[in-house]
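The values are calculated or read from the model by the stated rules, or taken from the named source; none is laboratory data. Nothing here was measured: the structure is a model prediction, and the numbers come from that model. Glycine gets a Cβ as well: all are built from the backbone with ideal geometry, and neighbour counts include every protein chain shown. Ligands, DNA and RNA are excluded from the accessible area calculation, which covers all protein heavy atoms including side chains. Shrake-Rupley method; radii C 1.70, N 1.55, O 1.52, S 1.80 Å.
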Amino acid sequence: MLSARQIQDYRRDGVLFPIPVLSDGEVAAFRAAVEELRAVLGEEVRYRISLPHLHFRSAWDLAIHPAVLDVAESLLGPELLIKGSVVLIKPAGDPAFVAWHQDGTYSRLDEDDNVSAWIALADSTEDNGCLRVIPGSHREGLLPHTESADEHHMLARRPQVAAAVDESRAVSVVLRAGEMSLHHSDILHSSQPNRSTTDRVGYVVRFVTPRVSGSTIPVVRARGRAACPHLEILAQPPPADLRTSLALREEFFRHSSAAR
């Protein structure tokens, strides 16, 4: 669980790191599962695997890892829901980057209690394009955004803040494999290209509470028992069999408006 000082720092800055959560063995196992998906899905998941916790048992297990949930509970309380997840992959030597933006512009979480856990499955450094944030910017409200015209922007909607960003305030969120950071949906953040010879691989899990206004996809109850009549709760984990999971994933995206 987080200390009172850590919680105070997070409330002030909108970001907190590094937080150790995984053993070396766990990192190796979860990373191997990601690499298996990359091998099977190919170019389709060059930069991201969307909503893996809904489709793959390993991603589900990492999203509800007790060490991760303990930290999230420290901030949001005992009623925890998972609203989204994404594996973000920045291949070695790739020009992909993420422009300065706020997740709240498209996640619809700007008015809800939320926290995103960014779990490093490989070292995340300045050389390989780690997350960069503007501490405290989550308290300044949502800024106008536009869609970046740069083809190397690695996010699906290519969001980019339409305002000047004082990069002298930027902090690099450097993590070792097995550590995680926390960030608020409204904090200004970005990342630069991977100029190293190793891939950067991270798993982001978005936690909310039953007070969330709604969701276009099923949510996972990570902890708690509160009634959530306005939400579709996913009661069962994905199957352990990869072939079955891949078929269910394909069916989900065929009938869903959720972006891959």
Spot the failing condition for Arg206; the list is (1) farther than 22 Å from Val34 by Cα; (2) part of a strand (DSSP E or B); (3) open to solvent by 20 Å² or more (accessible area, probe 1.4 Å), and only one is missed. (1)
Members of the stretch 159-175 that are under 20 Å from Gly141 (Cβ atoms) and of a type in the set (Gly, Ala, Ser): Ala162, Ala163, Ala164, Ala170
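Confirm whether Arg195 is open to solvent by 40 Å² or more (accessible area, probe 1.4 Å) and at pLDDT 95 or above.
Values: open to solvent by 40 Å² or more (accessible area, probe 1.4 Å): yes; at pLDDT 95 or above: yes.
So Arg195 passes the test.
Just to be sure, is Glu73 modelled with pLDDT of 90 or more and not in a strand (DSSP E or B)?
Criteria met by Glu73.
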Inspect the stretch 162-177 for any residue being touching a residue at least 24 places away in the same chain (Cβ under 8 Å), of a type in the set (Val, Ile, Thr) and not in a strand (DSSP E or B) and give the result as yes or no. yes
Quick check on the stretch 71-87. Is at least one of its residues open to solvent by less than 50 Å² (accessible area, probe 1.4 Å) and among the basic types (Lys, Arg)? yes
Considering only the stretch 55-66, state which residues are outside any loop (DSSP other than H, G, I, E, B) and either under 12 Å from Ala222 (Cα atoms) or not small (Gly, Ala, Ser) (or both). Arg57, Trp60, Asp61, Leu62, Ala63, Pro66
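Checking the condition hydrophobic (A, V, I, L, M, F, W, C), open to solvent by less than 10 Å² (accessible area, probe 1.4 Å) and either at pLDDT 95 or above or over 17 Å from the mean Cα position of the chain (by Cα) (or both), which residue from Leu142, Leu109, Leu131, Leu121 passes? If you could, list the steps in order and put the result at the bottom.
Details: Leu142 fails: open to solvent by less than 10 Å² (accessible area, probe 1.4 Å); Leu109 fails: either at pLDDT 95 or above or over 17 Å from the mean Cα position of the chain (by Cα) (or both); Leu131 fails: open to solvent by less than 10 Å² (accessible area, probe 1.4 Å).
Going through Leu142, Leu109, Leu131, Leu121 in turn, the sole match is Leu121.
Going through the stretch 145-154 one residue at a time, which ones are open to solvent by 30 Å² or more (accessible area, probe 1.4 Å) and in contact (Cβ under 8 Å) with a residue 40 or more places away in the chain?
Let us first name the residues in the stretch 145-154 that are open to solvent by 30 Å² or more (accessible area, probe 1.4 Å), namely 145-147, 149-152.
If the condition is that a residue be open to solvent by 30 Å² or more (accessible area, probe 1.4 Å) and in contact (Cβ under 8 Å) with a residue 40 or more places away in the chain, then His145, Asp150, His152 are the ones that fit.
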Take the stretch 163-187 and flag every residue that is touching a strand residue (DSSP E or B) at 6+ places or on another chain (Cβ under 6 Å) and open to solvent by 10 Å² or more (accessible area, probe 1.4 Å). Val165, Ala170, Val171, Ser172, Ala177, Glu179
Selection count where residues are touching a strand residue (DSSP E or B) at 6+ places or on another chain (Cβ under 7 Å), among the small types (Gly, Ala, Ser) and either assigned to a loop (DSSP other than H, G, I, E, B) or loosely packed, with under 14 Cβ neighbours inside 10 Å (or both), scope the stretch 210-257: 2
Give me a count of the residues in the stretch 3-32 that are open to solvent by less than 20 Å² (accessible area, probe 1.4 Å) and either touching a Lys or Arg at 6+ places or on another chain (Cβ under 9 Å) or modelled with pLDDT under 95 (or both). 1
Within 23 Å of Arg221 (Cβ to Cβ), open to solvent by 50 Å² or more (accessible area, probe 1.4 Å) and not charged (D, E, K, R): is that true of Pro95 in this structure? no
Looking at the stretch 40-60, which of the residues that are of a type outside the set (A, V, I, L, M) and within 15 Å of the chain's Cα centre (by Cα) is surrounded by the fewest Cβ atoms within 10 Å (Cβ to Cβ)? Ser50
